[in-house]
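The values are calculated or read from the model by the stated rules, or taken from the named source; none is laboratory data. Note that this is a predicted model, so its numbers are computed, not measured. Cβ coordinates were reconstructed from backbone atoms using ideal geometry, including for glycine residues, and neighbour counts include every protein chain displayed. Calculation scope for accessible area: heavy atoms of the full protein, side chains included, ligands and nucleic acids excluded. Shrake-Rupley method; radii C 1.70, N 1.55, O 1.52, S 1.80 Å.
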Amino acid sequence: MKTLSMNSRTIPDTGDRAGKPAAGAASGAIVEVLAAVAFVHALNDLIQAMLPAIYPMLKTQFALNFTQVGLITLIYQCTASLLQPAIGLYTDRRPLPFLLPLGACFTLAGVLMLSVASTFPWLLLAAALIGVGSSTFHPEASRVARLASGGRYGFAQAMFQVGGNVGAAFGPLLAAAVIVGRGQGHIAWFAIPTLLAIVVLAGISRWHRNHLAGMARKPAGQTGAALPRGRIVGALLLLAMLVFSKYVYMTSLSTYYTFYLIDKFALSTTSAQLYLFLFLGAVAVGTFLGGPIGDRIGRKRVIWLSILGAAPFTLALPYVNLFWTGVLTVVIGLVISSAFSAIVVFAQELVPGKVGLIGGIFFGLMFGVSGIGAAAMGHLADVAGIATVYRLCSFLPLLGLLTALLPTIEEERRR
């Protein structure tokens, strides 16, 4: 980790406090730091993706119904969401660089507990510990990505996010290769990537500490969107609704897609997980493209095209055959995934100087609505069937129409 221990190398104050890049900072991104953060995000989300990938095995072994499967996701997502805003707010005021490897230790404990859990409550506790690890990782790692962005906030946020998407895509494949068909005890093999994450995070934390020590201690001017308070609050609520529409639909695929394919097309668990991999891989590509495009054409346009643009494909998905199901889910993944980086950066520009708080709120909201949505969809699947879930969720991207009500920050600054 020598590349991360650059005591003498610091970057300009690129807006992590003021919300605006310093002059000439656009070319100053520290790529090795961004790559390291993205790599750990991949490892973190690899662990997260492993959990829903083994739901069919756990459902059989513990005789769970869909409601209980949804509760596992709810507990994990709640612990992964509720702590994030508080952590972000606190570390905006008192930075804690070494919180990153400490949080990963909770993930390690959750993985090991999951490998030996013998009852449903123990499964819930293991999922909760994995969620605590994520709640410390996301707001702090997002902050580090912004610090190392050199002013290219969309690019940095997209690079950070795509690491997680890559991990989420490979999680089901690795779970199929290592765990499915071999037994619960093989979950312990996932402790290896968790330990690697702890080592890399220790190096990232050293860079973060040294960067903070080298930053100029000068007051930051208010360089945000300069909107009235009511307009800012309204815009944040609209962004929250867009996150809701995006991630409840995404959860319907990431949590129940394998069950849907098995139920509708009689696929094996392994074959269904390959389709899930295709969807998650498309999500990774779409996420990476969304950030740089947002830097060029504006975040609002990316949000508009991403969420509403997915609607025709989600509406068609419940009514097509297996081939077109695979094609449509890849297209949906590419289109709908490009929005989140733009949403986070848009919100950070609305509320300058609160990078950790905004990151915590929106990552927490992402996990929270995903968990609640998973539990609700699990109950609906038990009552009305898994196909009904996809018919109802197909309308969610139509909430992308709300994007029209968002302010155009660049125009407001000119005014």
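Of all residues in segment 275-331, which are basic (Lys, Arg) and either modelled with pLDDT of 85 or more or within 21 Å of the chain's Cα centre (by Cα) (or both)?
Arg299, Lys300, Arg301, listed by residue number.
Restricting attention to segment 358-406, which residues are in a helix (DSSP H, G or I) and aromatic (Phe, Trp, Tyr)?
Once the filter is applied, which keeps residues that are in a helix (DSSP H, G or I) and aromatic (Phe, Trp, Tyr), segment 358-406 yields Phe362, Phe363, Phe367, Tyr390.
Look at Gly150 and say whether it is farther than 22 Å from Ala213 by Cα and over 19 Å from the mean Cα position of the chain (by Cα).
Answer is no for this residue.
Give me a count of the residues in segment 41-68 that are among the hydrophobic types (A, V, I, L, M, F, W, C), touching a residue at least 12 places away in the same chain (Cβ under 8 Å) and farther than 19 Å from Phe190 by Cβ.
Count: 2.
Looking at segment 150-175, which of its residues are among the aliphatic types (A, V, I, L, M) and either at pLDDT below 80 or touching a Leu at 6+ places or on another chain (Cβ under 8 Å) (or both)?
Answer for segment 150-175, where residues must be among the aliphatic types (A, V, I, L, M) and either at pLDDT below 80 or touching a Leu at 6+ places or on another chain (Cβ under 8 Å) (or both): Ala156, Ala158, Met159, Ala168, Ala169, Leu173, Leu174.
Kindly provide the set of residues from segment 83-101 that are surrounded by fewer than 19 Cβ atoms within 10 Å (Cβ to Cβ) and hydroxyl-bearing (Ser, Thr, Tyr), ordered by number.
Answer for segment 83-101, where residues must be surrounded by fewer than 19 Cβ atoms within 10 Å (Cβ to Cβ) and hydroxyl-bearing (Ser, Thr, Tyr): just Tyr90.
Just for segment 233-282: of the residues that are hydroxyl-bearing (Ser, Thr, Tyr) and open to solvent by 20 Å² or more (accessible area, probe 1.4 Å), which one is farthest from Lys354 (Cα to Cα)?
Ser268
Out of segment 183-198, which residues are β-branched (Val, Ile, Thr) and either open to solvent by less than 20 Å² (accessible area, probe 1.4 Å) or farther than 12 Å from Gly103 by Cα (or both)?
Ile187, Ile192, Thr194
For segment 370-395, what are the residues that are open to solvent by less than 30 Å² (accessible area, probe 1.4 Å), under 20 Å from the mean Cα position of the chain (by Cα) and at pLDDT 75 or above?
Gly373, Ala374, Ala375, Met377, Cys393
Being part of a loop (DSSP other than H, G, I, E, B), modelled with pLDDT under 90, within 22 Å of Ala235 (Cβ to Cβ) and out of contact with any Ser or Thr (no Cβ under 7 Å at 6 or more places or on another chain): is that true of Gly353 here?
yes
Please tell me if Ala104 is closer than 27 Å to Met159 by Cβ, surrounded by 24 or more Cβ atoms within 10 Å (Cβ to Cβ) and either modelled with pLDDT of 90 or more or in contact with a Cys (Cβ under 8 Å, 6 or more places away or on another chain) (or both).
Judged against the criteria, Ala104 is a match.
Could you check, for segment 3-17, whether at least one of its residues is at pLDDT 80 or above, part of a helix (DSSP H, G or I) and surrounded by fewer than 19 Cβ atoms within 10 Å (Cβ to Cβ)?
Within segment 3-17 (the criterion being at pLDDT 80 or above, part of a helix (DSSP H, G or I) and surrounded by fewer than 19 Cβ atoms within 10 Å (Cβ to Cβ)), the answer is no, since none of the residues qualifies.
Of all residues in segment 238-272, count the ones that are in a helix (DSSP H, G or I) and under 22 Å from Asp382 (Cβ atoms).
Residues meeting the conditions: 21.
Collect the residues in segment 317-327 that are assigned to a helix (DSSP H, G or I) and open to solvent by 40 Å² or more (accessible area, probe 1.4 Å), keeping them in residue-number order.
Selection gives Tyr319, Leu322, Phe323, Trp324, Val327.
Name the pairs: first residue in segment 328-354 and open to solvent by less than 10 Å² (accessible area, probe 1.4 Å), second residue assigned to a loop (DSSP other than H, G, I, E, B), Cβ to Cβ under 6 Å, at least 6 apart or on different chains?
Cβ pairs passing all conditions: Leu350/Ala225.
I need the full set of residues from segment 126-135 which are of a type in the set (Val, Ile, Thr) and either open to solvent by less than 10 Å² (accessible area, probe 1.4 Å) or under 21 Å from Gln184 (Cα atoms) (or both), in order please.
Ile130
What residue, of Leu123, Leu112, is open to solvent by 10 Å² or more (accessible area, probe 1.4 Å) and of a type outside the set (S, T, N, Q)?
Exactly one residue qualifies, and that residue is Leu112.
Looking only at segment 221-274, which residues are at positive phi and modelled with pLDDT of 85 or more?
Within segment 221-274, Ala266 is the sole residue that qualifies.
How many residues does segment 283-300 contain that are surrounded by fewer than 22 Cβ atoms within 10 Å (Cβ to Cβ), under 19 Å from Tyr247 (Cα atoms) and of a type outside the set (Val, Ile, Thr)?
Selection size over segment 283-300: 2.
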